[in-house]
1. Please go through (1) free of Cβ contacts under 8 Å to residues at least 24 places away in the same chain; (2) over 26 Å from PHE36 (Cα atoms); (3) open to solvent by 50 Å² or more (accessible area, probe 1.4 Å) for ALA61 and return the number of the only condition it doesn't satisfy.
2. Residue check: is LEU86 over 20 Å from ALA134 (Cα atoms), part of a strand (DSSP E or B), among the aliphatic types (A, V, I, L, M) and open to solvent by less than 80 Å² (accessible area, probe 1.4 Å)?
3. Name the residue, out of LYS76, LYS55, that is assigned to a loop (DSSP other than H, G, I, E, B), open to solvent by 60 Å² or more (accessible area, probe 1.4 Å) and closer than 19 Å to SER133 by Cβ.
4. Counting only residues that are among the hydroxyl-bearing types (Ser, Thr, Tyr) and either buried (at least 18 other Cβ atoms within 10 Å of the Cβ) or part of a strand (DSSP E or B) (or both), how many does region 96-146 have?
5. Count, please, the residues in region 40-52 that happen to be over 10 Å from ILE100 (Cα atoms) and either in a loop (DSSP other than H, G, I, E, B) or open to solvent by less than 50 Å² (accessible area, probe 1.4 Å) (or both).
Amino acid sequence: MQRSKNDVWVGIFVLIGAAAILFLALQSANLLSLSFQKTYQVKAKFDNVGGIKPKAAVRSAGVVVGRVDNIAFDDKSFQAVVTMALESRYVFPKDSSLKILTSGLLGEQYLGIEAGADDKNLVAGDTISSTQSAVVLENLISQFLFSKAAEPAPGNGSQEK
């Protein structure tokens with residue numbers, strides 16, 4: 001009887017530990033967001049969203065003010081349409097701007113919202129028009145290489161007098 005009681009307690013402890021590990025794994029991968037705040041949806045169009053994924057953070061001044069709900073492709077404008085759920089307690093002017101930023105050198109990407117100066121605030125269904133797309137490392141490297149290739153090589157006999 002004593003042995004089976006111990007087995008039950010060990011089993012309960014193992015289940016609680018497994019649930020805690022699962023919760024931490026989902027939380028660290030941004031697959032679980034426990035927020036009971038009311039939200040309003042805002043859209044924005046980007047030429048390139050880089051590595052932004054649904055559930056990515058939307059931050060202002062380093063504070064998470066919302067999450068990315070959906071990313072879709074608009075086949076009329078050939079741009080990515082990002083739908084965000086911003087918490088209702090945070091209001092931003094209509095002329096606010098969005099940038100796709102990265103946490104650290106190789107960290108996760110998130111949307112950074114910078115407040116504008118308009119008197120009217122964003123409401124549900126609005127579209128933010130001022131956006132800056134993700135910086136693609138391959139494009140930067142190719143621009144650097146092409147600009148170096150276009151420069152004349154030093155010491156090739158073409159010196160000015």
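The values are calculated or read from the model by the stated rules, or taken from the named source; none is laboratory data. Every value quoted in this text rests on a predicted model; they were computed, and no experiment measured them. With ideal geometry, Cβ positions are generated from the backbone for all residues, glycine too; neighbour counts draw on all protein chains shown. Calculation scope for accessible area: heavy atoms of the full protein, side chains included, ligands and nucleic acids excluded. Shrake-Rupley method; radii C 1.70, N 1.55, O 1.52, S 1.80 Å.
1. With respect to (1) free of Cβ contacts under 8 Å to residues at least 24 places away in the same chain; (2) over 26 Å from PHE36 (Cα atoms); (3) open to solvent by 50 Å² or more (accessible area, probe 1.4 Å), ALA61 is out only on (2).
2. yes
3. Testing whether each residue is assigned to a loop (DSSP other than H, G, I, E, B), open to solvent by 60 Å² or more (accessible area, probe 1.4 Å) and closer than 19 Å to SER133 by Cβ leaves just LYS76.
4. Of the residues in region 96-146, 7 are among the hydroxyl-bearing types (Ser, Thr, Tyr) and either buried (at least 18 other Cβ atoms within 10 Å of the Cβ) or part of a strand (DSSP E or B) (or both).
5. 4
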